[in-house]
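Below is one structure, written out as structure tokens; comments come after it.
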Amino acid sequence: MEKLVQFLNTYRSISDAEAEIIMSHFELKHFKEAAYLFTGGNVCNSLYFVVNGILRICAINDKGLDITHYFIKEHQFCTILDSFNNCNIAHGSIQASSSVEVLEISRKNFQKLCLNLPFMADLVDRVNQERLLEKIRLKNIYSGEDSTNRYKLFLREQPDIVYRVPLNHVASYLNVTPQSLSRIRRNVK
């Protein structure tokens, strides 16, 4: 739990009393690789803070292919934001791309936390806004590049993810087949 408080302290000073209130609303959970924390077709009622491991936001496209939209690593929040904020049905899912340890807070408990500590709503919104901008930046740098250059950029921009998640997750994130990615990896040193 202290990792969450340390992370929040980078945005705002959190007192010991506030830290206790925050921690009392989160629950520590462990998931094995490939486990789904949330499955699309439902309303996402949880917000996760990744303590250890990597999650991915994924979906099945209209061709039936499993697509990775984003990776979420340690010290980042993860949810299907529109669904969590507005109670909309989500199309995407949240899956463990490695074994993960997360702190989970339900929407109901998040609302209670925000009543107790009103600054939390703005703080989490600010963190989510920064993360959304980073996701857009990452997607934009891959745009217009061939598959080899996308992989090279991925190695440069997200080196802490590339060897920690299954090859097929990286391939779907980069929009290449696993076979092509294997070939590219052999040729890129």
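The values are calculated or read from the model by the stated rules, or taken from the named source; none is laboratory data. Because the structure is predicted, anything quoted here is derived from the model rather than measured. We place every Cβ from the backbone using ideal geometry, glycine too, and count neighbours over all the protein chains shown. Calculation scope for accessible area: heavy atoms of the full protein, side chains included, ligands and nucleic acids excluded. Shrake-Rupley method; radii C 1.70, N 1.55, O 1.52, S 1.80 Å.
Quick check on my filter: what residues within the stretch 135-168 are open to solvent by 60 Å² or more (accessible area, probe 1.4 Å) and without any contact (Cβ under 8 Å) to a residue 60 or more places away in the chain? Full working, then the answer.
We begin by selecting, within the stretch 135-168, every residue open to solvent by 60 Å² or more (accessible area, probe 1.4 Å); these are 136-137, 139-140, 143-146, 152, 156, 159, 163-164, 168.
Result: 136, 137, 139, 140, 143, 144, 145, 146, 152, 156, 159, 163.
Within the stretch 62-72, is even one residue modelled with pLDDT of 95 or more, touching a Cys at 6+ places or on another chain (Cβ under 7 Å) and more than 18 Å from residue 165 (Cα to Cα)?
No.
Here is a check on your reading of the model: is residue 13 closer than 20 Å to residue 111 by Cα and loosely packed, with under 14 Cβ neighbours inside 10 Å? Working first, answer last.
Working: closer than 20 Å to residue 111 by Cα: no; loosely packed, with under 14 Cβ neighbours inside 10 Å: yes.
So residue 13 fails the test.
Would you list the strands (runs of 3 or more DSSP E) that sit entirely within the stretch 35-123 and hold 3 or more residues that are open to solvent by 40 Å² or more (accessible area, probe 1.4 Å)?
Those strands (runs of 3 or more DSSP E) span 66-72.
Quick one: in the stretch 2-28, which of the residues that are small (Gly, Ala, Ser) and part of a helix (DSSP H, G or I) is nearest to residue 103 (Cα to Cα)?
Among them, the one singled out is 24.
Output the number of residues of the stretch 63-94 satisfying the condition of being charged (D, E, K, R) and farther than 22 Å from residue 170 by Cβ.
1
Taking only the stretch 24-34 into account, find how many residues are open to solvent by less than 60 Å² (accessible area, probe 1.4 Å) and among the hydroxyl-bearing types (Ser, Thr, Tyr).
Number satisfying all stated conditions: 0.
Only one of (1) over 20 Å from residue 128 (Cα atoms); (2) touching a residue at least 12 places away in the same chain (Cβ under 8 Å) fails for residue 17. Which number is that?
Unmet condition: (2).
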